Amino acid sequence: MTRHVAPDHGGRQWWKSSVVSQIYPRSFADSNGDGIGDLPGVTSRLDHLAALGVDVVWLSPVYPSPQDDNGYDVADYCDIDPMFGTLADLDDLAAGLRARGMKLVMDLVFNHTSDEHPWFVESRAATDSARRDWYWWRPARPGTTPGTPGAEPNNWGSVFSGPAWTFDETTGEYYLHLFSRKQPDLNWEHPDVRHALHDVMRFWLDRGVDGFRMDVVNFVSKDPALPDGLVAPGARFGDGSPHFLSGPRIHEFLQELHREVIAPHQRPTMVVGEMPGVTLEDARRFTDPDRREVDMVFQFEHVDLDAGASKWDARPLDLRALKASLSRWQVGLADRGWNSLYWNNHDQPRAVSRFGHDGEHRVMAAKMLATVLHLHRGTPYVYQGEELGLANVAFGHIDDFRDIESRNHYAEALAHGADPAVVLEQLRARSRDNARTPMPWDDSPTGGFGSTRPWIALDPGHRRTNAGAALDDPDSVFHHYRRLIALRRDDPVVVHGDFTLLLADDPQVYAFTRRLDGVELLVLGNFGDDPVEPALPDDAAWTDADVVVGTGSGVSLGPWEGRVLRRVH
Ligand code: GLC
Ligand code: CA
């Protein structure tokens, strides 16, 4: 039996017993009627987060930015975009959080800057500019005419469609951008780049923030040779990822950052690295406390399971694969390291539509998904609107979409002969805009988001599903999340208990136990439209067990029903 470990709220690892709420500021609340959410808007809605009971807020980027990728293209790391407010507004928000016992985590986008960042402006000015090597500049491929198709220095594709290189007339060379052409990649090989980024982190820590979410941070160490990638059958570009995913110096860079910035800081912080494509083996290294790199990573295995050749090529989810993946991470990070737990964020379609049911069973499915996720071992993340059970939006026209990834994919697919109706269907299932519609606060025409037309359309479903209605209804998805978060705070088995997957081969039921000091929880979720009677090894023992969260009793489940049972040995 596992030994009881006391919760560690005040200690260095406070994030182990925390629940994080992610705010996407442009879509949260608009205070000044320009149609775009802002910092005073967030501050005005903190009671909602306090009622939910979360411990930490992660704020997506609010720095000055041309907004090519909604702020993930930063033009100044140490200021606030006027669209979002001022540094004083950020301080007000931080104070409002502190007053409610919550912490603040900033989003750091350090793999790239905006092309309008002064560093890049200087870098691109001349081949002998002092900051030339702060970015990845390369001449055209030998034997080609610079600036013509195919002359790019290598064959890598950008995550946002097209080549990962843009030709720059001024110096006749190309710069690398793994994302949009307005997001040139920083060259972390240059020590001055790393030191400048360390200074940015110190700036925010000195201002009182409690931690960082580091955007695609496992992309920052590249093989400086930048070799061509393999071209998959039917693909237009090579796959560069073997040359930059958790690249040669990544552990060294993260250890340096910890040594230089995190360790010397007085207050205990939390650092989570966003790491697409990270393997479990690497995640063990990244999050092993003895190695002093990051506290946890966002891994992507479970959100890649329903993708085919690309994220746009959606496949039905096989629940067995989902269980196998998440439980492998549970076991893999049990003795070393730590998991982050998420279904949703600003890059993912809404989980209730994707893994659950967004018709008649939407509320049940949203609660069940929450139950299953929050009872895993790790730090759960709740993305704005998830606590209301928000579903995907059914945008009818390409002009309704705002996201650069979605719009570029649409343009590129059509240019290569795809049927627009088919591509729109892909966007409806997969677009990041599904997560970016304005937060519905009430059933008024603007949904309480602001006083004018928002930058992206409000989901008409807000008349029925909104925060006000959810708070008033004790059976709402919101109150279910609130109960799950309270359970994590009150019962140490949720934070510290061991994890055992049951019924690995069952295609419809997600079942596992958590145990600590003679306390055992059984967690059940029905991922199907039909009622089910799971064949658990000792189901009789659970017949009279306490139901701590969820509906019904015993082990049988209605459609999309979830439940947590508790017994003491
Ligand atoms: C991360 C962000 C995403 C952004 C990308 C480039 O994946 O979460 O929103 O587009 O990095 O910064
Ligand atoms: Ca505004």
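The values are calculated or read from the model by the stated rules, or taken from the named source; none is laboratory data. Predicted, not measured: the structure shown is a model, and the values here were computed from it. Cβ placement follows ideal geometry from the backbone for every residue including glycine, while neighbour counts extend to all protein chains displayed. When the accessible area is computed, the model is the full protein with side chains, heavy atoms only, and any ligands, DNA or RNA have been set aside. Shrake-Rupley method; radii C 1.70, N 1.55, O 1.52, S 1.80 Å.
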Worksheet item: Taking H as built 1.01 Å from N, whose amide H comes closer than 5 Å to the amide H of W58, not counting residues under 5 places away?
Response: S21, Q22, I23, V105
Worksheet item: What order do you get for 398-410, 198-210 when each peptide is scored by the mean count of other beta carbon atoms within 10 Å, highest first?
Response: 398-410, 198-210
Fill in: Two-site label geometry, R138 and T170: point separation in nm, points 7 Å out along Cα→Cβ
2.1
Discussion item. Relative contact order of the chain, please, whole-number percent, based on alpha carbon pairs below 8 angstrom and at least 6 residues apart.
Written reply: 14
Item to complete: Count the DSSP beta bridges whose two residues both fall in the chain, then state the antiparallel fraction as a percent rounded to the nearest 5.
Response: 60
Worksheet item: What is the Cα convex hull volume of segment 87-166 when expressed per residue in Å³?
Response: 143
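For D419 and D128, FRET efficiency with R0 = 45 Å and r from the beta-carbon atoms, rounded to 0.05?
After rounding, the FRET efficiency stands at 0.35.
Can you give the Kirkwood hydrodynamic radius of segment 62-123 from its Cα pairs, in Å with one decimal? Don't jump to the answer; show the numbers that get you there.
Details: mean 1/r = 0.0796 Å⁻¹.
Kirkwood radius, segment 62-123: 12.6 Å.
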Worksheet item: In terms of modelled amide H atoms, which long-range or inter-chain residues lie less than 5 Å from the amide H of N339?
Response: T379
Worksheet entry | aspartates and glutamates whose Cα lies under 12 Å from that of K16, excluding same-chain neighbours fewer than 8 positions away | D8, D55, D295
Worksheet item: Using mean Cβ contacts within 10 Å as the protection proxy, how do 530-536, 250-256, 175-181 order, highest first?
Response: 175-181, 250-256, 530-536
Worksheet item: Considering the zone a paramagnetic label at D473 would reach in this model (a point 7 Å from Cα along the Cα-to-Cβ line), which residues of segment 34-77 have amide N under 20 Å from it?
Response: 48-49, 51-53
Discussion item. Per residue of segment 140-157, what does 6.51 cos²θ - 1.76 cosθ + 1.60 with θ = phi - 60° give for ³J(HN,Hα)? Whole Hz please, x for Gly and Pro, Karplus curve as stated.
Written reply: 4, 4, x, x, 10, 8, x, x, 9, x, x, 8, 4, x, 9, 9, 5, x
Worksheet item: Accessible surface of V568 in the full protein assembly, 1.4 angstrom probe, to the nearest 10 Å²?
Response: 100
Worksheet, complete the sentence: Between D288 and D313, the FRET efficiency computed from the C-beta separation at R0 = 45 Å comes out, to the nearest 0.05, as 0.80
Item to complete: Identify the GluC sites (Glu not before Pro) of segment 75-179 meeting these criteria: DSSP loop state and at most 15 other C-beta atoms within 10 Å of the C-beta.
Response: E169
Practice prompt. Provide, in order from the shortest bin, the percent of all Cα-Cα pairs of segment 28-95 in each 10 Å bin, continuing until the bin that contains the maximum pair distance.
Written response: 21, 52, 25, 2
Response to the item:
Using alpha-carbon coordinates alone, the radius of gyration and Dmax of segment 370-461 in Å work out to 15.8, 46
Discussion item. When a/c reaches 1.5 or more, the comparison of a/b and b/c decides; with that in mind, is segment 315-390 rounded, prolate or oblate per its Cα gyration tensor?
Written reply: prolate
Discussion item. Using a 7 Å offset from the Cα along the Cα-to-Cβ direction at both S444 and F203, what is the distance between the two label points in nm, to one decimal?
Written reply: 3.6
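Expected output is a single nm value to one decimal: the length gained when fully extending between A429 and A99, i.e. 0.36 nm times separation in residues minus the C-alpha distance. What is it?
Going from the current span to full extension adds 114.9 nm.
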Practice prompt. Quote to one decimal, in nm, the extra length available between L280 and D530 on full extension: 0.36 nm per residue of separation minus the C-alpha distance between them.
Written response: 86.6 nm
Practice prompt. State the percentage of accessible surface on segment 266-320 attributable to carbon and sulfur atoms; use a 1.4 Å probe and exclude ligands, DNA and RNA.
Written response: 46
Worksheet item: If you project the alpha carbons of the chain onto the principal axes, what extent comes out on each, in Å, largest first?
Response: 75, 54, 49
Response to the item:
In order over segment 513-521: 3J(HN,Hα) from phi, Karplus 6.51/-1.76/1.60, θ = phi - 60°, whole Hz, x for each Gly or Pro, gives 10, 10, 9, 7, 6, x, 9, 10, 10
Fill in: Residue-wise HN-Hα coupling along segment 68-76, computed from phi with Karplus coefficients 6.51, -1.76, 1.60 (Hz; x: Gly, Pro)
5, 10, 6, x, 7, 10, 9, 9, 7
